[in-house]
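For reference, the structure is listed below as structure tokens.
The values are calculated or read from the model by the stated rules, or taken from the named source; none is laboratory data. All values derive from a computational prediction rather than experimental measurement. Reconstructed Cβ throughout: ideal geometry from the backbone, glycine too, with neighbour counts over all protein chains shown.
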Amino acid sequence: MLDRIRQRAAELGWWNALLLLVSRVCERATTGHVKLIKYELMVQPLGPDPLLPSNRGVSVDVHEVAPDHPLLLSTTFRDPAILQARFESGARCFLAECRGQLAGFLWVTQGEYLEDEVRCRFLAAPVDRAVWDFDVYVVDSYRLTPVFARLWDVTREALRAQGVRHSCSRISAFNQASIRAHRHLGAIKVGWLAVIVLGSWQCFFSNQRPWLWISWFMRSRPLFVLGDKQN
């Protein structure tokens, strides 16, 4: 047990490792009614240079898809109603496939993003030059291949052509693999957000405005703005 704690501390740092331990104990003791969630808030530039050289990842077909794309609809691990709601809100999905099989996807949106894990909203600013990226997924069998880099390169190129220059996201502070992947893309941490869930109550703490917020009903959602807030 002590060795596992030390291993987690080496991966996450002692503070995040302690938060993860407390979160798991609370969830198990209360059958999920009490949770502790922490996000790292990241911003990454969409520069002109691709991750992959032109001769790599050519077998990976990446394209923006419509709501009725068969590979997207085949994702039994995503609620179809949630996917439809994303499209209706203006979100866009870029999908990677290899030999006709789903290899991965990612979503981006401009304007406010309604977080679906806790009751808050995020905004990547300024809205004409920034997007919020979320639900980045790569099929397990393709995680050590060029799929993710190819997926990101095509998405980045499409966004840059429309004047977008950076992307914002929130990542679980307990998911170091995802944090490392984003840092590899040039992402930098600009803040953090911690949420204590107590049944229907949610308490938000952050080093970003509004800093502290208590939500006890569905329409009470704080807004956190990342990126260039001056434009």
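The residue list Q202, Q208 contains one member that is among the polar types (S, T, N, Q), over 14 Å from the mean Cα position of the chain (by Cα), modelled with pLDDT of 95 or more and assigned to a strand (DSSP E or B), which is Q202. When every residue of segment 176-183 is checked against the conditions, none turns out to be under 19 Å from the mean Cα position of the chain (by Cα), touching a residue at least 40 places away in the same chain (Cβ under 8 Å) and part of a loop (DSSP other than H, G, I, E, B).
For segment 117-175, filtered to residues that are assigned to a loop (DSSP other than H, G, I, E, B) and among the acidic types (D, E), the residue that is nearest to the chain's Cα centre (by Cα) is E117. Looking only at residues in segment 65-90 that are part of a helix (DSSP H, G or I) and of a type in the set (D, E, K, R), which one is farthest from the chain's Cα centre (by Cα)? Across segment 65-90, the extreme among qualifying residues is E88. Within segment 101-108, not a single residue is under 25 Å from V164 (Cα atoms), surrounded by fewer than 19 Cβ atoms within 10 Å (Cβ to Cβ) and of a type outside the set (V, I, T). The single condition from (1) touching a strand residue (DSSP E or B) at 6+ places or on another chain (Cβ under 6 Å); (2) surrounded by 18 or more Cβ atoms within 10 Å (Cβ to Cβ) that R156 fails is (1). Residues that are hydrophobic (A, V, I, L, M, F, W, C) and either touching a Cys at 6+ places or on another chain (Cβ under 9 Å) or closer than 30 Å to W201 by Cα (or both) do not occur anywhere in segment 93-104.
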